[in-house]
Amino acid sequence: MDTTLLKKLISEFISDSKKDPITYNKELTERLQLTEYYKSFTDNRILAMTEEDIYRYISQLWAMQIWGNKHYVVDKIIGDNGLQNFTKSLADLIWGSQDISERWDSFRKEVKGMGPAMISEILCKTHPNDYMLWNRRAYVGLRYLKVENLPRYDYQHTGKVYWHLCNVCKEIAKELGNAGFQDCTLLAVDYFIWNKLQIEETLSKIYDKKDSKVEKIELQTRQESTFIHDEIRDKLRDIGQWLGFQAAIERKVSEGSIVDTVWESTIGNMGRVIYVFEVQTKGSIDSLMLNLIKSLNNSAVQGVVAVSDSEQLEKIKKHALDVQNLRDKLKYWDYKEILRVHESLEYVNECINNLQLVPRGF
């Protein structure tokens, strides 16, 4: 980390706060209120949460600003995970006795529909002295400070990586304290990152297609492979939802065929069309193709798409040449393109929703 640059920016940050004490006090009060609210959810209170409690708890997160229909997201989280399983996993994540790296990995393995931004925000607002808040802005800010080995995609954000990033932000918090800033929590570090470290403004710079850190799917460990698969599966669902489809994961579309993601649309009173996506990380290509062939038994399925890295997709294409029922209908989508599409749509939705053109209660 470039500590010289960090100290310079902290000096500017403190100077700005002195010039505008109203904003400084407003932000300080906001942080205290946020921490008080999320700390009030003890492990027993979390375990006793109702669906409406979970909605109020999650819908207020900054990570939820990308969604206009927040009930859709929360209902999907509860539906995909089950109420009791979700509250138990959440209580273990926040109040468990294991190291944060273990709790982080366990939660990501057990709970669908919540990524690093949402998980870290809950941790940061509950334990602001211990845990940092990770999102696109944090990536930009820490990269500007020349912090190395930043996770580029969600699947790279393991518990070990999160523990490392928390320590990086604790160094920043320490420098804030050394410079005389009153609030040295990691939540205050997040405000500092937003105020002083947002240098790269365009997605084209932040998400360079030539990013060498994006690796091939099949070279990951088993745990990383699972995270990659689930991340891409969930992001395909998000993309479909943002495009206006009814989107779902792990849906049975025909007898013997449960697919990773489906996009569905109803056409007036004429019927429906379904698009099927299967994500290939590890495992048998023959199994993938058999699942897609079975899905075509559903007459509503109008398109089937195989998702993997470029090398895997070439292998799938060769296998599909010998399968008459599939070769002319199968489409191919590189997972790196899906990650970029999701990031771009996420940014667009966040900007539009921040305009508050539609009342939240609509």
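When Leu339 is tested against the conditions (1) hydrophobic (A, V, I, L, M, F, W, C); (2) surrounded by 22 or more Cβ atoms within 10 Å (Cβ to Cβ); (3) in contact (Cβ under 8 Å) with a residue 60 or more places away in the chain, the lone failure is (2).
Checked against (1) under 17 Å from the mean Cα position of the chain (by Cα); (2) modelled with pLDDT of 90 or more; (3) surrounded by 19 or more Cβ atoms within 10 Å (Cβ to Cβ); (4) over 19 Å from Ala91 (Cα atoms), Val161 passes all but condition (3).
Filtered by the rule that a residue be surrounded by fewer than 19 Cβ atoms within 10 Å (Cβ to Cβ) and either over 20 Å from Asp20 (Cα atoms) or of a type in the set (Lys, Arg) (or both), segment 176-195 gives a lone residue, Asn178. Could you list all residues from segment 26-59 that are surrounded by 14 or more Cβ atoms within 10 Å (Cβ to Cβ) and without any contact (Cβ under 8 Å) to a residue 12 or more places away in the chain? Answer for segment 26-59, where residues must be surrounded by 14 or more Cβ atoms within 10 Å (Cβ to Cβ) and without any contact (Cβ under 8 Å) to a residue 12 or more places away in the chain: Leu32, Asp53.
Per-residue answers, yes or no, for (1) surrounded by fewer than 16 Cβ atoms within 10 Å (Cβ to Cβ); (2) among the aliphatic types (A, V, I, L, M); (3) touching a Phe, Trp or Tyr at 6+ places or on another chain (Cβ under 7 Å):
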residue	(1), (2), (3)
Lys282	yes, no, no
Met289	no, yes, no
Leu296	no, yes, no
Asp309	no, no, yes
Leu313	no, yes, yes
Leu321	yes, yes, no
Tyr332	yes, no, no
Glu346	no, no, no
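Does Asp230 fit the bill of being at pLDDT below 90, surrounded by 20 or more Cβ atoms within 10 Å (Cβ to Cβ), within 23 Å of Ile352 (Cα to Cα) and assigned by TED's automatic domain parsing to the domain that holds Ile338? It is false that Asp230 is at pLDDT below 90, surrounded by 20 or more Cβ atoms within 10 Å (Cβ to Cβ), within 23 Å of Ile352 (Cα to Cα) and assigned by TED's automatic domain parsing to the domain that holds Ile338. Scanning segment 37-50 for residues that are of a type in the set (Lys, Arg) and either outside the structural domain of Asp130 (by TED's automatic domain parsing) or modelled with pLDDT under 95 (or both) turns up nothing. Under the condition of being crowded, with 20+ Cβ neighbours inside 10 Å and free of Cβ contacts under 8 Å to residues at least 12 places away in the same chain, the residues counted in segment 245-275 number 0.
Residues in segment 140-157 that are surrounded by fewer than 20 Cβ atoms within 10 Å (Cβ to Cβ) and touching a Pro at 6+ places or on another chain (Cβ under 8 Å): Pro151 alone.
Evaluate the following for Lys213: is it outside any helix (DSSP H, G or I), within 23 Å of Ser101 (Cα to Cα) and at pLDDT below 55? It is true that Lys213 is outside any helix (DSSP H, G or I), within 23 Å of Ser101 (Cα to Cα) and at pLDDT below 55. Just so you know, in segment 100-124 the residues that are surrounded by fewer than 24 Cβ atoms within 10 Å (Cβ to Cβ) and among the basic types (Lys, Arg) include one that is farthest from the chain's Cα centre (by Cα), and it is Arg103. Residues in segment 174-191 that are in a helix (DSSP H, G or I) and within 25 Å of the chain's Cα centre (by Cα): Leu186, Leu187, Ala188, Val189, Asp190, Tyr191. Of all the criteria given as (1) surrounded by 13 or more Cβ atoms within 10 Å (Cβ to Cβ); (2) modelled with pLDDT of 95 or more, the one not satisfied by Lys8 is (1).
The values are calculated or read from the model by the stated rules, or taken from the named source; none is laboratory data. The structure presented is a predicted model; accordingly, all values stated were derived computationally and were not measured. Glycine also receives a Cβ, built like all others from the backbone with ideal geometry; neighbour counts cover every protein chain displayed.
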